[in-house]
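I have placed the structure first, in the form of structure tokens, so that the comments after it can refer back to it.
The values are calculated or read from the model by the stated rules, or taken from the named source; none is laboratory data. As the structure is a prediction and not an experimental result, all values here were calculated from the model. Counting neighbours? That spans all protein chains shown, and the Cβs are built from the backbone with ideal geometry, glycine included. Just the protein is used for accessible areas: all its heavy atoms, side chains included, with ligands, DNA and RNA removed. Shrake-Rupley method; radii C 1.70, N 1.55, O 1.52, S 1.80 Å.
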Amino acid sequence: MSVLELSARRLLDEMAAGRLTAVEVTQAYLDQIGRHDRDVGAFLRVDAEGAIAKASDVDERRRAGRPVGRLGGVPVAVKDILASRGELVTCASRTLEHFRAPYDATVIAKLKAADAVLIGRTNLDEFAMGGSTENSALQTTRNPWDLSRIPGGSSGGSAAAVAARMAPLAIGTDTGGSIREPAGLCGVTGMKPTYGVVSRFGLVAFASSLDQVGPLATSAEDAALLLEAIAGHDRADSTSVDAPVPPYSEWIGQPLEDLTLGLVREHFGPGLDAEVERAVREAVRVYESLGAKVKEVSLPHSKYCVATYYIIAPCEASSNLARYDGAHYGHRTDEKAMLAERDAERRHLESSGETAAVDELDTALVRMYRRSRSEGFGAEVKRRIMLGTYALSAGYYDAYYLKALKVRRLIRRDFDKAFDDVDLIAGPTTAAPAFKIGEKVDDPLAMYLVDLYTVSANLAGIGGISIPCGFTAAGLPIGLQLQAPPLEEDRLLRAAHMFQQATDWHTRRPPL
Ligand code: GLN
């Protein structure tokens with residue numbers, strides 16, 4: 001069997017037994033990146049030298065019988081939105097294109113301590129705003145199953161990297177679906193943990209009450225390994241959950257007895273692709289064959305989820321992104337050109353006799369902010385900032401932001417009620433398979449509707465996982481989403497593992 005076909009779990013066992021070295025494993029993945037990433041475009045940067053150096057260090061320690069971390073020698077790809085000391089963290093934005101992080105995000109520090117091999121940085125929608133990775137200002141990422149299609153987003157690079165076996169494990173972030181959606185569309189396993197399970201310290205903020213870091217892998221078992229390594233309380237993130245991390249990977253083999261799955265009435269309405277629906281219903285039958293019961297549940301406020309999300313997320317984003325003003329952070333405009341522009345405007349006003357207007361000209365500082373931000377941000381980021389600033393402004397705050405917060409509470413209540421009756425909610429991750437690159441770029445509303453089934457988990461703060469559950473006739477992956485009550489990551493992972501023991505969708509590889 002080739003290294004690329006082994007799970008992270010197996011790689012660890014093989015390395016521990018001395019049958020494989022970390023250098024061999026890392027080299028196999030670097031070679032795969034060399035073969036395929038020109039087509040896929042998952043990585044913004046690959047750190048071959050650093051990866052091999054880390055792998056050799058792990059090998060040396062293993063040979064000497066010295067301690068090695070829990071991910072010792074396993075390559076991990078990281079979405080380019082987490083700070084790693086001394087390294088670029090671009091967020092796929094022009095404004096941070098040359099920004100180097102002054103410290104490690106907690107997730108990065110934990111991965112380093114676990115002796116993971118940080119193999120490279122993956123592409124994303126600019127500041128994680130998007131669902132197709134098309135909003136990256138730096139590069140196009142393609143779906144390994146069909147290179148003319150989007151990989152999903154915003155963690156599209158991480159999902160595509162795992163799908164193309166260019167990394168066995170990857171880190172993504174999920175504010176409204178950005179791990180689960182690309183996982184679903186690329187045919188891999190991706191999990192958004194309960195809000196607070198993983199520290200957000202050093203994660204470049206998009207919408208702080210929704211953002212969560214999580215694992216992408218080829219199986220739930222491997223996702224459990226990665227989650228175990230990155231989860232845990234962090235004094236540097238006061239929203240992180242102060243509880244011990246369960247041994248997810250140890251417990252994963254225990255099947256769930258008396259499992260009751262909930263199917264959400266509102267999730268099977270118009271707009272759901274027929275092939276997706278068929279695959280999801282078939283997946284539910286697999287669970288039934290494993291002894292699960294199925295019940296219909298209702299999330300009556302789910303029709304407001306997308307609208308609520310697209311108020312709250314932009315509001316928080318507009319505030320978080322205020323720091324990229326060219327002075328504190330981010331791209332700074334060419335000041336000579338800016339001053340020349342101002343002089344030219346002044347001369348023009350004076351020569352046309354409008355001397356009073358000269359005093360109204362923007363100051364150099366305001367001009368610097370405006371030009372820096374206009375040049376640094378892409379169209380979608382600007383749209384979010386404008387939406388958020390508008391919804392937060394005096395006079396609109398109550399009508400939009402405050403109302404959205406109230407609806408958010410109702411959405412959470414819907415889940416609480418549903419979970420009185422069922423252990424997990426099952427449904428499609430997205431309503432349709434991956435669409436063509438460029439197909440929706442001119443239609444932001446159509447893009448936002450892609451998030452129909454995923455944003456609710458972020459609004460409610462609960463966990464969700466997407467696992468492969470079939471393919472369309474055209475060969476595109478279909479994702480099944482499971483959602484659980486708060487802090488039931490263990491239940492999600494075990495349920496996903498049960499399915500993966502009974503099916504082989506997750507083992508399929510794209511025809512690259
Ligand atoms: N697609 C959603 C958005 O554009 C979710 C993004 C995310 O989860 N980071 O905001």
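What is the residue count in segment 84-95 for residues that are away from the ligand (no atom under 16 Å from the Cβ) and either without any contact (Cβ under 8 Å) to a residue 40 or more places away in the chain or in contact with a strand residue (DSSP E or B) (Cβ under 8 Å, 6 or more places away or on another chain) (or both)?
So the count comes out to 5.
Assuming ALA357 fulfils every condition listed in (1) within 16 Å of the ligand (Cβ to nearest atom); (2) among the small types (Gly, Ala, Ser); (3) out of contact with any Phe, Trp or Tyr (no Cβ under 6 Å at 6 or more places or on another chain) apart from one, which condition is it?
In the conditions (1) within 16 Å of the ligand (Cβ to nearest atom); (2) among the small types (Gly, Ala, Ser); (3) out of contact with any Phe, Trp or Tyr (no Cβ under 6 Å at 6 or more places or on another chain), ALA357 misses (1) alone.
Can you name every residue in segment 391-403 that is assigned to a helix (DSSP H, G or I), out of contact with any Cys (no Cβ under 8 Å at 6 or more places or on another chain) and either within 16 Å of the ligand (Cβ to nearest atom) or of a type in the set (A, V, I, L, M, F, W, C) (or both)?
Within segment 391-403, ALA399, LEU402 qualify.
Looking at segment 115-133 only, could you name the residues that are within 16 Å of the ligand (Cβ to nearest atom) and open to solvent by less than 10 Å² (accessible area, probe 1.4 Å)? Talk me through it step by step, then tell me what you get.
Of the residues in segment 115-133, the ones within 16 Å of the ligand (Cβ to nearest atom) are 122-133.
Answer for segment 115-133, where residues must be within 16 Å of the ligand (Cβ to nearest atom) and open to solvent by less than 10 Å² (accessible area, probe 1.4 Å): THR122, ASN123, LEU124, ASP125, GLU126, PHE127, ALA128, MET129, GLY131, SER132, THR133.
Consider GLY187 carefully, then state whether it is more than 16 Å from the ligand (Cβ to nearest atom), within 15 Å of LEU111 (Cα to Cα) and over 14 Å from the mean Cα position of the chain (by Cα).
No; evaluated as a whole, the condition is false for this residue.
Please give the helices (runs of 4 or more DSSP H) falling wholly within segment 310-382 in which 2 or more residues are under 30 Å from TYR400 (Cα atoms).
Values: elements: 335-351, 355-358, 364-376.
Ranges flagged: 364-376.
To keep it simple, each residue is scored yes or no on (1) surrounded by fewer than 24 Cβ atoms within 10 Å (Cβ to Cβ); (2) within 16 Å of the ligand (Cβ to nearest atom); (3) in a loop (DSSP other than H, G, I, E, B).
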{"residue": "ASN135", "(1), (2), (3)": "no, yes, yes"}
{"residue": "THR141", "(1), (2), (3)": "no, yes, yes"}
{"residue": "PRO151", "(1), (2), (3)": "no, yes, yes"}
{"residue": "SER154", "(1), (2), (3)": "no, yes, yes"}
{"residue": "ALA159", "(1), (2), (3)": "no, yes, no"}
{"residue": "VAL162", "(1), (2), (3)": "no, no, no"}
{"residue": "ARG165", "(1), (2), (3)": "yes, no, yes"}
{"residue": "THR173", "(1), (2), (3)": "no, yes, no"}
{"residue": "SER178", "(1), (2), (3)": "no, yes, yes"}
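Among the residues of segment 466-490, what is the count of those that are at negative phi and out of contact with any Gly (no Cβ under 9 Å at 6 or more places or on another chain)?
4
Filter segment 462-475 for residues that are of a type in the set (A, V, I, L, M) and open to solvent by 10 Å² or more (accessible area, probe 1.4 Å); which is nearest to the ligand (Cβ to nearest atom)?
Looking at the filtered set, the residue picked out is ALA474.
Name the single residue that is farthest from the chain's Cα centre (by Cα) among those in segment 433-456 being within 12 Å of the ligand (Cβ to nearest atom) and assigned to a loop (DSSP other than H, G, I, E, B).
LYS440
Among the residues of segment 233-263, what is the count of those that are open to solvent by less than 40 Å² (accessible area, probe 1.4 Å) and acidic (Asp, Glu)?
Result for segment 233-263: 2.
Please work out if ASP237 is on the phi < 0 side of the Ramachandran plot and more than 16 Å from the ligand (Cβ to nearest atom). Let's see the steps before the verdict.
Numbers: on the phi < 0 side of the Ramachandran plot: yes; more than 16 Å from the ligand (Cβ to nearest atom): yes.
For ASP237, the condition - on the phi < 0 side of the Ramachandran plot and more than 16 Å from the ligand (Cβ to nearest atom) - is met.
Taking the condition of being more than 17 Å from LYS79 (Cα to Cα) and in a loop (DSSP other than H, G, I, E, B), how many residues in segment 25-67 meet it?
Result for segment 25-67: 4.
Could you tell me whether GLY388 is at pLDDT 95 or above and either within 16 Å of the ligand (Cβ to nearest atom) or open to solvent by less than 80 Å² (accessible area, probe 1.4 Å) (or both)?
Here the answer is yes, as GLY388 does meet what is asked.
For segment 294-317: of the residues being farther than 16 Å from ARG383 by Cα and charged (D, E, K, R), which is nearest to the chain's Cα centre (by Cα)?
It comes out as LYS303.
Does segment 208-227 hold any residues that are within 16 Å of the ligand (Cβ to nearest atom), surrounded by 24 or more Cβ atoms within 10 Å (Cβ to Cβ) and among the small types (Gly, Ala, Ser), and which are they?
GLY214 - this is the single residue of segment 208-227 that is within 16 Å of the ligand (Cβ to nearest atom), surrounded by 24 or more Cβ atoms within 10 Å (Cβ to Cβ) and among the small types (Gly, Ala, Ser).
Tell me the residue from LEU459, LEU492 that is at pLDDT 95 or above, in a helix (DSSP H, G or I), open to solvent by less than 50 Å² (accessible area, probe 1.4 Å) and within 14 Å of the ligand (Cβ to nearest atom), please. Give the derivation first.
Numbers: LEU492 fails: within 14 Å of the ligand (Cβ to nearest atom).
Answer to the check: LEU459.
Just give me the residues in segment 279-316 being small (Gly, Ala, Ser), touching a Gly at 6+ places or on another chain (Cβ under 9 Å) and within 15 Å of ASN458 (Cα to Cα), in sequence order.
Result: ALA313, single match.
Which fully enclosed helices (runs of 4 or more DSSP H) of segment 187-291 have 2 or more residues being within 30 Å of VAL89 (Cβ to Cβ)?
Numbers: elements: 220-230, 248-251, 274-289.
Passing ranges, in order: 220-230, 248-251.
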